[in-house]
2 protein chains.
Amino acid sequence: MLDQRAENAAESQGFVRDYLLYLLAAASDSVSAEFHTRVREHGLRVPEWRILACLTDEDGQMVTQLAVLALMEQSRLTKIVDQMADKGLVKRRNDNRDRRRVRVFLTARGQDLADRLVAEARDHEAGIIDQITPERSAALKDVLSTIIELHGGMKQPGTPAKVLEGDHE
Amino acid sequence: MLDQRAENAAESQGFVRDYLLYLLAAASDSVSAEFHTRVREHGLRVPEWRILACLTDEDGQMVTQLAVLALMEQSRLTKIVDQMADKGLVKRRNDNRDRRRVRVFLTARGQDLADRLVAEARDHEAGIIDQITPERSAALKDVLSTIIELHGGMKQPGTPAKVLEGDHE
């Protein structure tokens with residue numbers, strides 16, 4: 001009886017609730033909405049948080065590279081970086097080798113805010129990992145990384161992660 | 001030597017590339033961007049496609065319910081539904097029981113376009129499932145559904161999926 005019900009429920013699920021792209025978007029939206037509330041409590045907007053987080057991993061990224069990593073159009077990123085510079089969170093400097101290229105660096109204040117938010121993000125993430133179990137989380141991260149690799153989310157010709165070594169400061 | 005390199009790469013991965021919320025957003029963005037290109041080729045905008053897809057599963061949904069399922073603010077959804085009505089893709093009707101409530105139905109033209117796009121979406125999805133293997137895909141869908149359930153992505157008090165049965169037509 002219960003099995004029959006479960007079967008009927010699965011059948012009546014239709015397209016959307018079993019469609020991978022929908023499930024990815026809905027899962028991403030639901031957990032991100034929770035954390036974004038905290039981001040805004042720090043007086044930051046979501047794209048500003050994304051930029052801070054990306055710079056924490058690698059300070060002094062070029063605008064082009066940062067746009068790919070922060071999942072933003074370059075024109076939008078440039079505008080937000082300008083606003084963050086006005087707020088004293090980042091500073092822009094021309095690249096030493098190629099003066100036409102702009103690199104973005106955290107200020108002390110930006111670094112401090114980023115550190116606090118990354119700690120909160122790790123806390124929030126730990127709660128989700130606990131819920132779905134560490135094993136399923138590890139498998140989830142693994143398959144998501146595969147999808148990103150295959151579908152170009154982090155690809156950017158000519159700017160591998162280590163390209164900045166010895167390139168600034 | 002190769003192991004050492006892999007280890008260094010993992011260590012240098014930092015926060016973002018191992019952060020679950022980032023991986024979800026990046027994976028979702030990368031596969032969705034591909035399909036959204038096809039959506040636009042049909043002269044549709046992405047939120048319009050989302051609404052069509054949700055109505056394919058259950059025609060005549062109420063605006064409130066549709067907004068939750070289509071991952072949109074209600075005010076935004078209302079505006080887009082209005083535009084879709086102007087294009088002849090959907091029609092709005094007041095609920096039989098509660099005249100203040102608006103239900104959204106596909107027109108024949110909307111149904112036709114939705115059917116074609118759902119078929120394309122299933123094709124595109126099948127390609128991704130093949131790449132990451134059906135087993136990993138099933139596990140992925142399962143864990144994403146768990147996250148959505150736990151974090152409220154599809155929750156909506158008083159409007160379970162079957163509430164419409166016998167409620168219209």
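The single residue among A:LEU55, A:LEU71, A:LEU21 that is open to solvent by less than 60 Å² (accessible area, probe 1.4 Å), outside any helix (DSSP H, G or I) and within 13 Å of another protein chain (Cβ to nearest Cβ) turns out to be A:LEU71. With respect to the conditions (1) away from chain A (no Cβ under 14 Å); (2) at pLDDT 90 or above, B:PRO134 lacks only one, and its number is (1). Go through region B:128-137 and count every residue that is surrounded by 11 or more Cβ atoms within 10 Å (Cβ to Cβ) and part of a helix (DSSP H, G or I). Residues meeting the conditions: 6. Within region A:74-86, the set of residues being touching a residue at least 24 places away in the same chain (Cβ under 8 Å) and either open to solvent by 30 Å² or more (accessible area, probe 1.4 Å) or in contact with a strand residue (DSSP E or B) (Cβ under 6 Å, 6 or more places away or on another chain) (or both) comprises A:ARG76, A:VAL81, A:GLN83, A:MET84. Residues of region A:29-52 that are over 24 Å from B:ILE148 (Cα atoms) and in a helix (DSSP H, G or I): A:GLU48, A:ILE51, A:LEU52. Looking across region B:138-159 at every residue that is modelled with pLDDT of 95 or more and more than 7 Å from chain A (Cβ to nearest Cβ), the one that is most open to solvent (accessible area, probe 1.4 Å) is identified as B:ASP142.
With respect to the stated conditions, A:GLU48 fails to be within 14 Å of the chain's Cα centre (by Cα), more than 11 Å from every other protein chain (Cβ to nearest Cβ) and open to solvent by 30 Å² or more (accessible area, probe 1.4 Å). For region B:35-45, filtered to residues that are of a type in the set (D, E, K, R) and away from chain A (no Cβ under 14 Å), the residue that is surrounded by the most Cβ atoms within 10 Å (Cβ to Cβ) is B:ARG45. Here B:ASP3 meets the list (1) at pLDDT 95 or above; (2) more than 10 Å from every other protein chain (Cβ to nearest Cβ); (3) in a helix (DSSP H, G or I); (4) open to solvent by 60 Å² or more (accessible area, probe 1.4 Å) almost entirely, failing just condition (1). Does at least one position in region A:90-108 carry a residue that is within 14 Å of chain B (Cβ to nearest Cβ) and of a type outside the set (Ser, Thr, Tyr)? Yes, because at least one residue in region A:90-108 is within 14 Å of chain B (Cβ to nearest Cβ) and of a type outside the set (Ser, Thr, Tyr).
From the list B:LEU106, B:LEU71, the one residue that fits, being aliphatic (A, V, I, L, M) and under 25 Å from A:VAL143 (Cα atoms), is B:LEU71.
Within the option set B:ARG103, B:ARG116, B:ARG109, B:ARG97, being crowded, with 20+ Cβ neighbours inside 10 Å and among the basic types (Lys, Arg) holds for one residue only, B:ARG103.
Annotation note: Cβ proximity below 6 Å between a residue of region A:98-121 that is modelled with pLDDT of 95 or more and a residue that is part of a helix (DSSP H, G or I) and hydroxyl-bearing (Ser, Thr, Tyr) (sequence gap 6+ or interchain) occurs for A:ALA114/A:THR56; A:VAL118/A:THR56.
The values are calculated or read from the model by the stated rules, or taken from the named source; none is laboratory data. Just so it is clear, the structure is predicted and the values come from calculations on it, not from any experiment. Note that we place each Cβ from the backbone using ideal geometry, even for glycine, and neighbour counts take in every protein chain shown. To get the accessible areas, we keep the full protein, side chains included, count just its heavy atoms, and leave off ligands, DNA and RNA. Shrake-Rupley method; radii C 1.70, N 1.55, O 1.52, S 1.80 Å.
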